[in-house]
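Everything below concerns the one structure shown next.
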Amino acid sequence: MNDEAAALGTVTWVQQTLGRLSPAERRSLLAPLARTHVRNAIGRLRMFVHLHPGRHAYLPEGRLIAPDTVLTRAARRVAEQALPPTLFNHSSRTYRFGRALGELEGIAVDTELLFAAAMLHDTGLVVDPPADADFTLASSRLARDVAEEVGLSPAATEVMQTAITMHYTPGVALTAGPEAYLLSAGAAVDVVGLRSWDLPADTLKDAVRDYPRAQFKTYFSEAFRGEAARVPQGRAQLLNRYGAFAAAIRFAPFAE
């Protein structure tokens, strides 16, 4: 690792900073966070009046099946061992929604890396994270262990880790890489309903049928309150303070 400043949200940035935002970094996230609020409000209004793009979209369920490889099997096994059912199901829905958005946008993505990152992205919420470090640091370390177990290349490992550490940074763009972009997008659909209006109703319903939410809103709100308190200079605290995160979770277009 070099001493140069890393891009915000990348695995190198989390390793260097433990996920603590500088004042300048915090300010840089306020504009994308505000744009996300506006986008979510407009998109949800379009859903309410039945003028959202998802009403005309179609995705065969078979296109969203996770790949079956050494890496994906290892990631699923570790996730099943580490996560409570509520978070494991969230991870599974995150992959489904991210993959669906990628299909609709015609984005070429490494589905192995996307699936493995989705399975492991929230493991740091339940495994022991380093003191006052962003939970994604622990998630990325577990991902590194899985990568080493299956012999994944260093480059692919870094892609998977950065998708994990970046996934809840406001405003993740495709320029961050398709895996990071779609993991962030898929998680946002499931947590706050962002871009749910772009997906077919059947895609949303089938994901919840296959991976029930199991009081996810309550569980995740409490988990993020704990993360914000543990890392007061981190992104969770930013989302809670400026993103009305608890309210956004509560009003996501899912029953629980």
Measuring from a point 7 Å past the Cα of Val49 along Cα-to-C-beta, which residues in the stretch 181-215 have an amide N at less than 19 Å?
-> 195-199
Convex hull volume of the Cα atoms in the stretch 70-222, per residue, in Å³?
-> 109
Rounded, prolate or oblate: which fits the stretch 6-88 when a ≥ b ≥ c are the square roots of the eigenvalues of the alpha-carbon gyration tensor, with rounded for a/c under 1.5 and prolate only if a/b beats b/c?
-> oblate
In terms of the Cα gyration tensor, with a ≥ b ≥ c the square roots of its eigenvalues, is the stretch 123-193 rounded because a/c is under 1.5, prolate because a/b exceeds b/c, or oblate?
-> oblate
Along the charge dipole of the stretch 1-142, Cβ charges K/R +1 and D/E -1, which of Met47, Leu87, Leu137 sits furthest on the positive end?
-> Met47
Sorted by average packing, counted as other Cβ atoms within 10 angstrom per residue and highest first, what order do 151-158, 6-13 take?
-> 6-13, 151-158
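I'm a student and want to see the number: the projected area of the Cα convex hull of the chain, averaged over all directions, in nm². Can you show the working numbers first?
Values: hull surface 50.3 nm².
Projected area, direction-averaged: 12.6 nm².
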Cβ-based exposure ranking for Leu33, Leu137, in which fewest neighbours within 10 Å come first = Leu33, Leu137
With a ≥ b ≥ c taken as the square roots of the eigenvalues of the C-alpha gyration tensor of the stretch 14-156, please select rounded if a/c is under 1.5 and otherwise prolate if a/b is larger than b/c or oblate if it is not?
-> oblate
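Read the figures in this text as sums done on the coordinates, not as results from a lab. Note that this is a predicted model, so its numbers are computed, not measured. With ideal geometry, Cβ positions are generated from the backbone for all residues, glycine too; neighbour counts draw on all protein chains shown.
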